[in-house]
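First comes the structure, then the notes that go with it.
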Amino acid sequence: MTSSDISIRREDGIVVVTPVGEMDAVTSPALAEVLDGILSPDPPHGVVVDFTKVGFCDSRCIGVLVAAYRQARDLGLGLVVAEPQRQVMRLFMIAGIDQVIPIAETVDGAVEDLQD
């Protein structure tokens, strides 16, 4: 995966990161790099990771999300995962990620929540 498979857009101080495809041991480091770059040196008010286009996510991807969530939290920022597909959401629930990272039903809702 190249970084072109991960789009980034800014919306009123919130950054929306949209990875595309399968997030596994090969592709997750690119997501980690993008999120790390966003969270330093001049972080936004919050980050939404838009999972609408992610059909698969493995433990490496979950590790990337948890690390980014902790980094954001330590900076006093919000990080929300939005609109995971059913099979990805099932994995998040099995892994307990839904108990750690806020998961929003919609990207727009996540952006609004972080702006409040």
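Coordinate-derived values only; no laboratory data. All of these numbers come straight from a predicted model, not from anything done at the bench. Positions of Cβ are backbone-derived with ideal geometry, glycine not excepted, and every protein chain shown enters the neighbour counts.
Brief remarks on what is shown
- Helix-only mean residue ellipticity at 222 nm for the chain, each DSSP H run of n ≥ 4 adding -39500 (n - 2.57), per residue, nearest 500: -12000 deg cm²/dmol
- In segment 8-66, the trypsin sites (Lys or Arg not before Pro) that fall in loop regions by DSSP, at most 16 other Cβ within 10 Å: 53
- A simple rule links phi to the HN-Hα coupling: the Karplus curve 6.51 cos²θ - 1.76 cosθ + 1.60 with θ = phi - 60°, which for segment 101-110 gives 9, x, 10, 9, 6, 9, 5, 4, x, 5 Hz, with x for Gly and Pro.
- Segment 58-65 - phi-based ³J(HN,Hα) in whole Hz, Karplus 6.51/-1.76/1.60, Gly and Pro as x: 10, 4, 5, 4, 4, x, 4, 5
- Theoretical gain in end-to-end length, residue 108 to residue 22 [0.36 nm per residue, Cα-Cα removed]: 28.7 nm
- Calculated SAXS-style log₁₀ I(q)/I(0) at q = 0.11, 0.12, 0.14, 0.20 Å⁻¹ - the chain, Debye, Cα scatterers: -0.29, -0.35, -0.48, -1.06
- About the Cα centre, charge dipole magnitude for the chain (Lys/Arg +1, Asp/Glu -1 at Cβ), debye: 320
- Amide H partners (placed H, <5 Å) of residue 54, local residues excluded: 21, 85
- In sequence order, calculated HN-Hα J values of segment 15-30 (Karplus, 6.51, -1.76, 1.60; Hz; x Gly/Pro): 9, 9, 9, 10, x, 10, x, 9, 9, 9, 4, 7, 9, 4, x, 5
- Taking amide H atoms as placed 1.01 Å from N in the peptide plane, the amide H of residue 46 lies under 5 Å from those of 15, each 5 or more residues away in sequence or on another chain.
- Relative contact order [Cα under 8 Å, 6+ residues apart], the chain, whole percent: 27
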